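The block underneath contains the structure these notes are about, expressed in structure tokens.
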There are 2 protein chains.
Amino acid sequence: MDRMNSDAKSTPTEDDSPSCLGGDHEHHPVKIDDSACERAAAIFRALGDPQRLRLLIMLEARSYCVSELAQSLAEPLPAISQRLRILKSERVVRSRREGKHVFYSLADGHISRLVTNGVMHAMEDT
Amino acid sequence: MDRMNSDAKSTPTEDDSPSCLGGDHEHHPVKIDDSACERAAAIFRALGDPQRLRLLIMLEARSYCVSELAQSLAEPLPAISQRLRILKSERVVRSRREGKHVFYSLADGHISRLVTNGVMHAMEDT
DNA sequence: TAAACAGTTGCAAGATTGAGCAAGTGTACG
DNA sequence: CGTACACTTGCTCAATCTTGCAACTGTTTA
């Protein structure tokens, strides 16, 4: 009953390529910078965590120091600091020191828009 | 020794207060839906992989079938299928069958905008 | 100077994930 | 009917990431 489909090894067909539409395809390898692609993915990845995203949502309103964030979210301070560190390493947020407090804010409006768009889309989606 | 830091910056709160959370931080802990937050994070997370992002960038132009994507990116078909599966599970892409081919496309314009914004930001890279 | 507060970082345990191979499902066509 | 093609999915392995506690740096105040 079983048909061992031992057709061949990999080599995803390179000769005929009669694939989808019968050969009307022009496969352009996409001229997007690899680095830009990776960078964008890194940013998305930084945003891809509920905990970090919540941090960013708060920071959309204004700057907060770590203590405030930790208190508002009712989470241990080191955890918050660590998340902020990740976000900062991707240049999603910026930090400035004021006395013995460190205030964090979104890096720029671009990030803000990204966050807003994502959340809005998530809300619309059923 | 006693006085050295003459920052002279207007502290956000009275410097008399021991900390920034002296008690006037009674503002609401962000009224963003938890579900929306998680959902948004899930979407960002789906976009947060260079391989998947590349797929999405291609799909921004038009629909592609799995074979075509695998060929264009020179990667094994199961790998592509797997990535598409993840993207589909987050409703980032949609699939439609046509004969023995399965065509994938971006779920909606919102996603497209999200991808574009992210890549553009990555290119600018402040 | 020492103590207290604000944040950061190191290290190990735990969970989640992505890749690769192989086998399974399903469709078209001889 | 059965084969070839297109795609999916189980499976395991390895890499990655998050967290939690504790220790450390740095700043302000007594």
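How large is the dipole of the stretch B:49-124 about the Cα centre if only Lys and Arg carry +1 and Asp and Glu carry -1, each at its Cβ, rounded to the nearest 20 debye?
Details: 12 positive and 8 negative charges, 70 e Å.
Approximately 340 debye in magnitude.
Averaged over A:56-68, how many beta carbons belonging to a partner chain fall within 10 Å of each residue's beta carbon? Don't skip to the answer; put the middle values down first.
On the way: counts 3, 5, 4, 0, 2, 2, 2, 1, 2, 5, 1, 4, 5.
Mean shielding by partner chains, rounded to a whole number: 3.
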### Query
Karplus couplings for the stretch B:64-77 from phi (6.51 cos²θ - 1.76 cosθ + 1.60, θ = phi - 60°), rounded to Hz, Gly and Pro as x?
9, 8, 4, 4, 4, 5, 4, 5, 4, 8, 6, 9, x, 4
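Subtract the Cα-Cα distance of A:Met120 and A:Ser105 from 0.36 nm times their separation in residues, and report this length gain in nm to one decimal. Before the final figure, lay out the partial values.
Details: separation 15, 0.36 × 15 = 5.40 nm, distance 2.05 nm.
That works out to 3.4 nm of additional length.
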### Task
Round to a whole angstrom and tell me the spacing of the C-alpha centers of the stretch A:56-120 and the stretch B:61-121.
32
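Each reported figure results from applying straightforward, stated rules to the coordinates on display, with no laboratory input. Since we're looking at a predicted model, the values are computed, not measured. Ideal geometry is used to build each Cβ from the backbone, glycine not excepted, and the neighbour counts take in all protein chains shown.
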